[in-house]
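For reference, the structure discussed in these notes is given below.
Values quoted throughout were computed directly from the atomic coordinates according to the rules given, and no laboratory measurement underlies them. In this text the structure is predicted, and so the values were computed from the model without any measurement. Neighbour counts are summed over all protein chains in view; Cβ atoms, including those assigned to glycine, are modelled from backbone coordinates with ideal geometry.
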Protein chains: 2
Amino acid sequence: MARRSEKLDFPVSQVRRYLEPGPIVMVSSALDDRRNIMTMGWHTMMEFTPSLIGCVIAGANYSFDLVCKSRECVINLPTTTLIDTVVGVGNTTGAEVDKFERFGLTAQSATRVKAPLIVECHANFECRLVDDALVDKYNFFVFEVVKAHVAKSPRHPETLHYTGDGVFMVAGKIISRRRLFRPELLDT
Amino acid sequence: MARRSEKLDFPVSQVRRYLEPGPIVMVSSALDDRRNIMTMGWHTMMEFTPSLIGCVIAGANYSFDLVCKSRECVINLPTTTLIDTVVGVGNTTGAEVDKFERFGLTAQSATRVKAPLIVECHANFECRLVDDALVDKYNFFVFEVVKAHVAKSPRHPETLHYTGDGVFMVAGKIISRRRLFRPELLDT
């Protein structure tokens, strides 16, 4: 189940390649001797530079307190092979179990934050909370990605996209329409 | 290319089925005698009830002024068959062309807002702007879905998920893990 491929530093201004398609992600956090993982489907890119991500972390989550107080997290991108881990993480609470141990996930020290990376995920985005103006009203957090790690291949891994009700869509097939784009809308 | 199937009223509290997977959408708007369509990939669910969607509409878009002043829009969900229309809409500006005419799209009157529905899309979500607190800083809008229309079938249409650089992922294949979910996390 575990997927381990070498990861490279990745430009934080380009994390939209992995997050804009809307995959389910796993958020890891830590505070003092506590750590946790939660699944998250409610997130959006907000800016390229600085690299901003907006997301909802409901107050009922064990992670809410860890993220609010540490003001940090790591957003980890699982691929389809991790589906049962994703479901397990989403159906347990960090108040009762250490999810790294329960699901055989490997915590690795991050570079810029204290929250751990999840080694088995395809990509890891180290994040700092930069705006909590909408946390009280909507549990909506704005994070800056301060460091990104991405597996060398594949360029576009197969990812899980949650529809609710226990059902995921899988995205993997790629269609390029680069030839139809205005040059200024392309990366290079 | 055009896809026309009968649409039914859909519970606004369940629009996450279509939006949480993170598809590219087309936003239609209107103000006085102007109307426009833009593509949008930066959006997230924020709440079930009221049904809230947060999204980024950059100030450079012709639609920005229409949405800010009318405080309304329709979020339309295209399926994969509309890929060349999506690309065309994203690579032209409403300052120069009427995109409904240019791309052969059919505008239909909405029920609760003045912005038009795009008939050819699988689903149409009529939205009212409910929070503009983060518009100045991030061009981030919080909309409430006040009315939803969804084609009778299929339940999970094949959708487009933008990665940047002219490349889309396609999501369509479905995996259910309902049996592994805690009952309170399921719809029924």
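Any idea which of (1) more than 13 Å from chain A (Cβ to nearest Cβ); (2) outside any helix (DSSP H, G or I); (3) farther than 22 Å from residue B:101 by Cβ is the one residue B:37 doesn't satisfy?
Single failed check for residue B:37: (3).
Select from the range B:134-188 the residues that are surrounded by 17 or more Cβ atoms within 10 Å (Cβ to Cβ), β-branched (Val, Ile, Thr) and facing another protein chain (nearest Cβ under 8 Å) and list them in ascending order.
The answer is B:142, B:159, B:163, B:167, B:170.
Within the set of pairs 6+ apart or on separate chains, which have a first residue in the range A:84-101 that is away from chain B (no Cβ under 11 Å) and of a type outside the set (Ser, Thr, Tyr), a second that is surrounded by fewer than 20 Cβ atoms within 10 Å (Cβ to Cβ) and assigned to a helix (DSSP H, G or I), and C-beta atoms under 6 Å apart?
A:94/A:62; A:95/A:62
Do we have any residue at all in the range A:148-155 that's without any contact (Cβ under 8 Å) to a residue 60 or more places away in the chain and not charged (D, E, K, R)?
yes
I'd like the residue in the range A:1-34 that is outside any strand (DSSP E or B) and of a type in the set (S, T, N, Q) and, out of all such residues, is nearest to residue A:110 (Cα to Cα).
Only one residue tops the list, namely A:5.
Residue-wise test of (1) in contact with a strand residue (DSSP E or B) (Cβ under 6 Å, 6 or more places away or on another chain); (2) among the small types (Gly, Ala, Ser).
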residue: B:34; (1), (2): no, no
residue: B:37; (1), (2): yes, no
residue: B:42; (1), (2): yes, no
residue: B:52; (1), (2): yes, no
residue: B:55; (1), (2): yes, no
residue: B:65; (1), (2): no, no
residue: B:70; (1), (2): yes, yes
residue: B:76; (1), (2): yes, no
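In the list A:52, A:82, A:8, A:77, which residue meets the criterion of being surrounded by fewer than 21 Cβ atoms within 10 Å (Cβ to Cβ) and either more than 22 Å from residue A:129 (Cβ to Cβ) or touching a helix residue (DSSP H, G or I) at 6+ places or on another chain (Cβ under 8 Å) (or both)?
A:8
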